[in-house]
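Engineer: I am attaching a structure below and will ask some questions about it afterwards.
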Amino acid sequence: MTQPVTQTLIQPVILTTPARRGDEAAALAAAFAAHPAFARPMVHRDDGRDGAAVATRNAISRAAASGGHVLFLEDDVLADAEAPELVSRVAFPERVGVISFCDMREVPEYAPRGLYERSALGSDGRGWWGNQALLIHRGCAAMSGREDWFSARIESSRGIRTHVAAYGDGGRNCSDIRFSLLVHLHGGDRSLYAVHVPSLFKHVGHDSACFPGRTMGERETRNWIADRRRFGVDR
């Protein structure tokens, strides 16, 4: 059985940082404010500059207090005009706790429309890539506020150790890997991840707020809905 996300209002929350002007977050909030399936969007600013992992945890926890499913958005995405309506229609598959609407590596370009179930650890077994646009089941959203994002088990994982070695940030900014590990380890009967094709959000942040000097590179959005329209992929 599946559970329609529209049984209760979905709570959007947009994560931004003091480094941004705020225009991006405001545009995303406006896109969802008028749709009846969504609660009034929240904007969560990482004013403490605690790093992406802590900021993501805090943003999801704020939104989870509503009791509904959470639509978590980072501010470096562009929402397609159809995104609010299409997100509102999605149903969580039985074992899935998180659905991504902005995929960068799990599903090949030009894949048929659908929901593709994956391990929360992603294609390399270390964690999914990117928290840009995630629909989080209410149970997983609540779990993420209870469990320790920096536990010894998470710190010793291959994904975190690889990230720390590659980026030199002590792991404070790898919010995607940490969240994927939480879902995998503590998601219970919703420990899987799914990718929605087409992508309804496009990663547009050319320069990384977490890693200055690093550009998007391999983190280009696959199956972006506007490109599929342009090239007639879904006809």
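The values are calculated or read from the model by the stated rules, or taken from the named source; none is laboratory data. Bear in mind that the values here come from a model prediction, so they are computed numbers and not experimental data. Positions of Cβ are generated from backbone atoms using ideal geometry, with glycine treated the same way; all protein chains shown enter the neighbour counts. When the accessible area is computed, the model is the full protein with side chains, heavy atoms only, and any ligands, DNA or RNA have been set aside. Shrake-Rupley method; radii C 1.70, N 1.55, O 1.52, S 1.80 Å.
Engineer: Would you be so kind as to identify which of Ser66, Thr16, Met42 lies farthest towards the positive end of the dipole of the chain, taking Lys and Arg as +1 and Asp and Glu as -1 on Cβ and the Cα centre as origin?
Structural biologist: Ser66
Engineer: Could you list the chymotrypsin sites (Phe, Trp or Tyr not before Pro) in the stretch 30-124 that lie in coil according to DSSP, counting only those with at most 14 other Cβ atoms within 10 Å of their Cβ? Please report the intermediate quantities before stating the final value.
Structural biologist: Numbers: sites: Phe32, Phe38, Phe72, Phe101, Tyr110, Tyr116; in loops: Phe101, Tyr110.
Taking the stretch 30-124 and a limit of 14 other Cβ atoms within 10 Å, the loop chymotrypsin sites (Phe, Trp or Tyr not before Pro) found are Tyr110.
Engineer: Using θ = phi - 60° and the Karplus relation 6.51 cos²θ - 1.76 cosθ + 1.60, list the HN-Hα couplings for the stretch 107-124 in order, rounded to whole Hz, with x at every Gly or Pro.
Structural biologist: 10, x, 4, 6, 5, x, 4, x, 10, 10, 7, 9, 5, 5, 7, x, 6, 9
Engineer: A follow-up question, please. Candidates [x] 52; [y] 48; [z] 44; which is the computed percent of Cα pairs over 23 Å apart?
Structural biologist: Of the listed options [x] 52; [y] 48; [z] 44, [z] comes from this structure.
Engineer: Let me ask something else about it. Can you give me the long-range amide H partners of Asp75? Hydrogens built in the peptide plane at 1.01 Å from N, cutoff under 5 Å, separation of 5 or more residues or another chain.
Structural biologist: Here Leu15 satisfy the definition.
Engineer: Sorted by packing (mean other beta-carbon atoms within 10 Å per residue), highest first, where do 52-64, 15-27, 129-141 land?
Structural biologist: Numbers: 52-64: 22.0, 15-27: 16.2, 129-141: 23.7.
Per-residue Cβ counts within 10 Å, averaged per peptide and sorted highest first, yield 129-141, 52-64, 15-27.
Engineer: Report ³J(HN,Hα) in whole Hz for each residue of the stretch 77-91, in order, from the Karplus equation J = 6.51 cos²θ - 1.76 cosθ + 1.60 where θ = phi - 60°; Gly and Pro get x.
Structural biologist: 10, 9, 8, 5, 4, 7, 3, x, 5, 5, 4, 5, 8, 6, 10
Engineer: At a Förster radius of 41 Å, what calculated FRET efficiency corresponds to the Cβ-Cβ distance of Val164 and Glu85, to the nearest 0.05?
Structural biologist: Details: r = 40 Å, r/R0 = 0.98.
The calculated FRET efficiency here is 0.55.
Engineer: What is the magnitude of the charge dipole of the stretch 130-193 about its Cα centre, with +1 placed on the Cβ of each Lys and Arg, -1 on the Cβ of each Asp and Glu, and no other charges, expressed in debye to the nearest 20? Walk me through the numbers before you get to the answer.
Structural biologist: Details: 8 positive and 6 negative charges, 11 e Å.
With only Lys, Arg, Asp and Glu charged at Cβ, the dipole is about 60 debye.
Engineer: Something else about it: Taking the Cα centre of the stretch 16-113 as the origin and placing charges on Cβ (Lys, Arg +1; Asp, Glu -1), which of Leu86, Ala26, Val54 is farthest toward the positive end of the dipole?
Structural biologist: The listed residue farthest towards the positive side: Val54.
Engineer: Which residues' amide hydrogens lie under 5 Å from the amide hydrogen of Trp224, considering only partners 5 or more residues apart or on another chain, with H built in the peptide plane?
Structural biologist: Counting only residues 5 or more places away or on other chains, the set is Ser199.
Engineer: While we're here: Pop out the carbon and sulfur fraction of the accessible area of the chain as a percent, whole number, probe 1.4 Å.
Structural biologist: Values: 5260 of 10480 Å².
That fraction is 50 percent.
Engineer: Next question. I'd like to check one number: the per residue accessible area of the chain, probe 1.4 Å, reported in Å² as a whole number. Can you show the working numbers first?
Structural biologist: Values: 10480 Å² over 235 residues.
Normalised by residue count, the accessible surface of the chain is 45 Å².
Engineer: Using θ = phi - 60° and the Karplus curve 6.51 cos²θ - 1.76 cosθ + 1.60, what whole-Hz ³J(HN,Hα) does each residue of the stretch 136-147 get, with Gly and Pro shown as x?
Structural biologist: After applying 6.51 cos²θ - 1.76 cosθ + 1.60, I find 10, 4, 3, x, 5, 4, 5, 4, 5, x, 8, 8 Hz.
Engineer: Now a separate question. Return the long-range amide H neighbours of Met42 (sequence gap of 5 or more, or a different chain), with a cut-off of under 5 Å between placed amide H atoms.
Structural biologist: The list, which skips near neighbours in sequence, is Val13, Ile14.
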